[in-house]
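I have placed the structure first, in the form of structure tokens, so that the comments after it can refer back to it.
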Amino acid sequence: MDATLRQLVSRREWMLGLIGLSAFQIGSFSNPPLATPDVTLYNTAYIDLAKVAGQLGMKYNLSKDSVDGVFSSQWTKVRFKKDSRLLLLNDYKIYLGFAVALHRGRLYLSVHDFDKAIKPLLTPQVFTNRPQLKTIVIDPGHGGKNPGCINKSLSMVEKDLTLDLSRRLQRLLETRGYNVHLTRNSDITVENRNRALFANQMKADLFVCVHFNAVESRSVSGIETYTFTPRNQPSTARSRMVEEDRKAFPPNSHDAWSTLSAFYVQRQMIKTMGGIDRGLKKARFSMMIDLKCPGFLVEGGFFSNFEEASKIKTVKHRIRLAESITNGITTYHKTLKRISNPT
Ligand SMILES: [Zn+2]
């Protein structure tokens, strides 16, 4: 092969590779296509917050010291802060993948956060791969040889209470007309990866993992909800990218719907139960790694906090928790129906 031909072939391969890549990105991960970045900061593509607000049809106000950026419309306020991954949507906490950045006196949001956090929550109608919601799989955390967290003084074992809460949730969701399955309905050991495989087998439209929390510090309390971390973003527990962050996993095809359903559930739990809002977070939990539908993981409070654990121990509290998760899920379902049949 002469040099010119070799160049032509490699150019053609390069072109094919490029087309293949963009088709893959648009088809699988960016529905709609990724927003156009304005600037690259810290190796990450960023877009001007003023432009994001404009695209959403919201007012934008940047504080004089360029620290606080606020979007507002009649019902919605979104607050961003310089160098912070935390945003407040009507005062509910949501963790971004990347910190909001200051550049030449203006605030910038990462393009990935625009696509994976802002659009699903504020304009879910732009995503066309809308799921249905008929079958829900609930995953009671731990079980059998794996007890989860334990509060000895209150005689509480996580695996027992995740099963109790999951059964209550199942009954409530069934009365609202959903087909509901549990990944376990007794005290048995279930491999984490098999939990998502079970949801796939049941053709679940939503996967809900139920857990309680524990940390060393006894003063920490509150409720948090996790979605599977989107591709090309670090999980909430880390601020820097690692190799795993570059990979796409099956649940990433449903990022928008996981975020929307998880947000409604977290918001409803905070509204109903009170206590501390620990926010909507991201992690690559092993029980979701093979999941082929939207899903999230609820951490319904801390066993390591005496006051919170004492409440969780009561049936009344667990009934309210199950009701608030159910109500969050039905709000998600209403939104799915509304955006599928706009009036
Ligand atoms: Zn757990």
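Of note:
- Assigned charges on the beta-carbon of Lys, Arg, Asp, Glu; the chain dipole about Cα centre (debye): 540
- Principal-axis tilt of helix 158-175 within the chain, Cα atoms, nearest 10 degrees: 80
- Assuming charge only on the beta carbon of Lys and Arg (+1) and of Asp and Glu (-1), the dipole of region 142-270 about its Cα centre is about 60 debye to the nearest 20.
- Surface listing: SER235, SER153 arranged by accessible area from highest to lowest gives SER153, SER235, probe 1.4 Å.
- When the residues TYR264, TYR332 are ordered by accessible surface, computed with a 1.4 Å probe over the protein chains alone, the sequence from largest down reads TYR264, TYR332.
- Region 80-118 versus region 303-343: alpha-carbon centroid distance in Å: 26
- The GNM of the chain, with springs linking C-alpha atoms under 10 angstrom apart, assigns the highest mean-square fluctuation among ALA256, ALA45, ALA237 to ALA237.
- Most fluctuating residue given options GLN132, GLN233, GLN266, as computed from a GNM of the chain linking Cα atoms under 10 Å: GLN132
- Contact order, relative form, for region 135-340: 28 percent (alpha carbon pairs under 8 Å, 6 or more residues apart, mean separation divided by residue count).
- ILE136 long-range amide H proximity, modeled H, under 5 Å: ASN179, VAL180, HIS181, ASP205
- Residue-level accessible surface for HIS142, protein heavy atoms, 1.4 Å, Å²: 40
- Largest-first ordering by accessible area, 1.4 Å probe, given options GLU308, GLU158, GLU243: GLU243, GLU308, GLU158
- ASP83 exposes around 100 Å² of accessible area when a 1.4 Å probe is run over every protein chain in place.
- Expressed as a whole percent, the accessible area of the chain that falls on carbon and sulfur atoms is 52 (1.4 Å probe).
The values are calculated or read from the model by the stated rules, or taken from the named source; none is laboratory data. Keep in mind that this is a model prediction, so the values were computed, not measured. Using ideal geometry, Cβ is built from the backbone for each residue, glycine included, and neighbour counts are taken over all protein chains shown. Quick note on the areas: whole protein, heavy atoms, side chains included, nothing else; ligands and nucleic acids left out. Shrake-Rupley method; radii C 1.70, N 1.55, O 1.52, S 1.80 Å.
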